[in-house]
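Below is one structure, written out as structure tokens; comments come after it.
The values are calculated or read from the model by the stated rules, or taken from the named source; none is laboratory data. Remember, predicted model here, so these are calculated numbers, not experimental data. Neighbour counts are summed over all protein chains in view; Cβ atoms, including those assigned to glycine, are modelled from backbone coordinates with ideal geometry. The accessibility values were calculated without ligands, DNA or RNA, using every heavy atom of the protein model including side chains. Shrake-Rupley method; radii C 1.70, N 1.55, O 1.52, S 1.80 Å.
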Amino acid sequence: MNKTFFLRKEDSKPKWRLIDAKGKIVGRLATHIADALRGKDKSIFTHHADAGDYIVVINAQDLVFTGNKFKQKVYERYTGYIGNKKYTTAQELLAKNPREIMELAVKRMLPKNKLAAKLLKKLKVYAGAEHPHFAQINTSSR
């Protein structure tokens with residue numbers, strides 16, 4: 001008789017991955033990152049457990065949109081006040097805060113539950129090439 005495998009929290013051994021976003025398409029990169037955060041690219045994947053890795057994304061200001069999305073895609077947010085819905089295009093958001101484009105794309109690809117909030121804490125996005133996670137990335141590749 002076969003037994004179903006369930007990953008326990010203490011058996012998970014997350015690694016650190018560095019992803020360079022220079023010239024990459026936003027949606028395709030976000031799909032790859034969301035799968036890595038959840039651990040879907042590993043054989044020990046379990047739906048209700050955190051089996052994923054830490055992801056460090058650099059060069060977020062060099063992301064690319066396909067088609068006319070760069071000028072036409074609209075991000076909306078609600079301020080909390082009545083009638084205060086704010087709209088921002090992808091072009092404006094990339095100029096103002098390039099990190100937010102990648103974070104929103106990945107967040108919307110994760111399940112809408114408490115596990116997603118935990119997984120998003122493992123995503124580190126930086127606009128430039130510098131990041132403070134050199135020690136974690138270098139020791140995890142050994």
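Data for the structure
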read-out	value
Helical contribution to [θ] at 222 nm, DSSP H n ≥ 4, -39,500 (n - 2.57), averaged over the chain, rounded to 500	-9000 deg cm²/dmol
For the chain, average projected area of the Cα convex hull in nm²	11.6 nm²
Residue 18 - accessible surface, heavy atoms, 1.4 Å probe, Å² rounded to 10	90 Å²
Residues whose placed amide H lies under 5 Å from that of residue 89, excluding near-sequence neighbours	75
Antiparallel bridge percentage (DSSP; both residues within the chain; nearest 5)	35 percent
Dipole axis of the chain (+1 Lys, Arg; -1 Asp, Glu on Cβ), positive-most option in 95, 64, 44	44
Vicinal HN-Hα couplings computed from phi for region 118-133 (Karplus, 6.51 cos²θ - 1.76 cosθ + 1.60; Hz; Gly/Pro x)	5, 5, 5, 5, 8, 9, 10, 10, 10, 5, x, 8, 8, 8, x, 10
Net dipole in debye of region 16-88 [+1 Lys, Arg Cβ; -1 Asp, Glu Cβ; about Cα centre; nearest 20]	360 debye
Electrostatic dipole magnitude of the chain [Cβ: Lys, Arg +1; Asp, Glu -1; Cα centre; debye, to 20]	360 debye
Other-chain or far-sequence residues with amide H under 5 Å of residue 17's (modelled H)	54, 55, 56
Entries in 71/122; 69/112; 69/124; 40/112 that, when Cα-Cα distance is taken, lie over 20 Å	71/122; 69/112; 69/124
